[in-house]
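The structure appears right after this line, and notes come after that.
The values are calculated or read from the model by the stated rules, or taken from the named source; none is laboratory data. Just so you know, these numbers come straight off a predicted model, no measurement behind them. Quick reminder, even Gly has a Cβ in these numbers, built from the backbone with ideal geometry, and neighbours come from all protein chains shown.
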Amino acid sequence: MSEGEKKPSFKVVDRRRFTDEGDEREGPDVPRADPVRVEPGRIEPAPAAAAPASMASPSSMASSAAPAREPPEAPRPKAKAVKTASGLTFSMFVQSLAQQALMQMGLIPWPHGQRELALEQARDTIDILELLKTKTEGNLEPDENELLGAAVTELKMSFVEVQQAIARSRAGVRPPGPIGPPGGPR
């Protein structure tokens, strides 16, 4: 470039709302969103078919969108079980995973009628249910929470019993109860 030509220049404008220290910025370049005020009696729930399929709860979405200075929202009325387009509810989903874990442990037969052991998959399915329990804590209805907690507890106990039964069968010791070696009595 010759000295007569100017270098192209550009201006960098920081439009973030907060500084690196977490303080709110002041100035004309900072976009301001006017707070939305909604009267508690005027909120109407959206129909279940129009609800988004995300896992975020309505209260967590509302708290992230609203400023922290707003008063806490009023308690929600008891919600009915949310069904998907196929009619699946959260309770049905938990029961399906629990049944899958029981099949993987060989405690109930697979749909083809055979009992097969898949202990690693059973452990993974139980871990998935435990993860669901942890991640949905506080967002479930009481009956859903109770179902999920009971399913995780019962499946863990069954998993330990199956492992002990396998260890006893390898050692040649007869099990004390109804759970015998995989494949039934010998």
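Is one or more of the residues making up region 114-126 within 17 Å of Lys156 (Cβ to Cβ), exposed (fewer than 10 other Cβ atoms within 10 Å of the Cβ) and either out of contact with any strand residue (DSSP E or B) (no Cβ under 7 Å at 6 or more places or on another chain) or at pLDDT 55 or above (or both)?
The answer is yes; a qualifying residue exists.
I'm told Arg123 meets every condition in (1) in a loop (DSSP other than H, G, I, E, B); (2) under 19 Å from the mean Cα position of the chain (by Cα) except one. Can you identify the failing condition by its number?
That leaves (1) as the condition not met.
So Glu137 clears everything in (1) in contact with an Asp or Glu (Cβ under 6 Å, 6 or more places away or on another chain); (2) surrounded by fewer than 15 Cβ atoms within 10 Å (Cβ to Cβ) except one condition, right? Which one?
Glu137 satisfies every listed condition except (1).
Just to verify a result, which residue in region 128-157, among those that are among the hydroxyl-bearing types (Ser, Thr, Tyr) and assigned to a helix (DSSP H, G or I), is nearest to Ala101 (Cα to Cα)?
Thr153
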